[in-house]
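The values are calculated or read from the model by the stated rules, or taken from the named source; none is laboratory data. Bear in mind the structure is a predicted one, so any value in this text is a computation, not a measurement. We place every Cβ from the backbone using ideal geometry, glycine too, and count neighbours over all the protein chains shown. Calculation scope for accessible area: heavy atoms of the full protein, side chains included, ligands and nucleic acids excluded. Shrake-Rupley method; radii C 1.70, N 1.55, O 1.52, S 1.80 Å.
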Amino acid sequence: LGMKLHQKRAHLLDEPFDTRLTAIMGFGENEHDSGNIELIYVYNTKELDLGERFRQLSVSTKNVTAAVERMTEDGYRFFKEPAKLDAIDTEVAALRDPDGYVVVLVKEEDFMNEIAQAPSHGAAAVAAG
């Protein structure tokens, strides 16, 4: 998706003993230029509970179809091919990552239009902020 690794930290020396590796990634030149995502790898874990509160990770892209084609070539399988969601007039595609989480690709222009039309409260305001 074109993200850059901004920070990587092994927690092996933290007290109490912690076996995590944290990576902070984003689209800007550094972690202060754009939104970021923090990924955590937990060593020596055979099973990880996905929980019930996480719904999906949405990532905007200028061209959903091109991103799907590139990711399909890399071996990703989409359960929702690129299509407009009529209710919100936004182009999306969706897949599950290897851990079962849903990742949604959203056309950036459509998403920005959706935010502009949303009331100034709720989830859309949080996403814009």
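Just so you know, in segment 93-111 the residues that are open to solvent by 50 Å² or more (accessible area, probe 1.4 Å) and in a helix (DSSP H, G or I) include one that is nearest to THR61 (Cα to Cα), and it is GLU108.
Within segment 23-77, restricting attention to residues that are without any contact (Cβ under 8 Å) to a residue 12 or more places away in the chain and surrounded by 10 or more Cβ atoms within 10 Å (Cβ to Cβ), the residue that is nearest to the chain's Cα centre (by Cα) is GLY35.
Can you name the residue in segment 1-15 that is open to solvent by less than 70 Å² (accessible area, probe 1.4 Å) and over 28 Å from THR72 (Cα atoms) and is also modelled with the lowest pLDDT among such residues?
Of segment 1-15, the ones open to solvent by less than 70 Å² (accessible area, probe 1.4 Å) are 2-3, 6, 10-11, 14.
From what's left, over 28 Å from THR72 (Cα atoms): 10-11, 14.
Working: ALA10: 75, HIS11: 65, ASP14: 55.
Top of the filtered list is ASP14.
Of the strands (runs of 3 or more DSSP E) lying entirely inside segment 21-91, those containing at least 2 residues that are at pLDDT 90 or above and either closer than 18 Å to TYR101 by Cα or in contact with a strand residue (DSSP E or B) (Cβ under 6 Å, 6 or more places away or on another chain) (or both) span 78-85.
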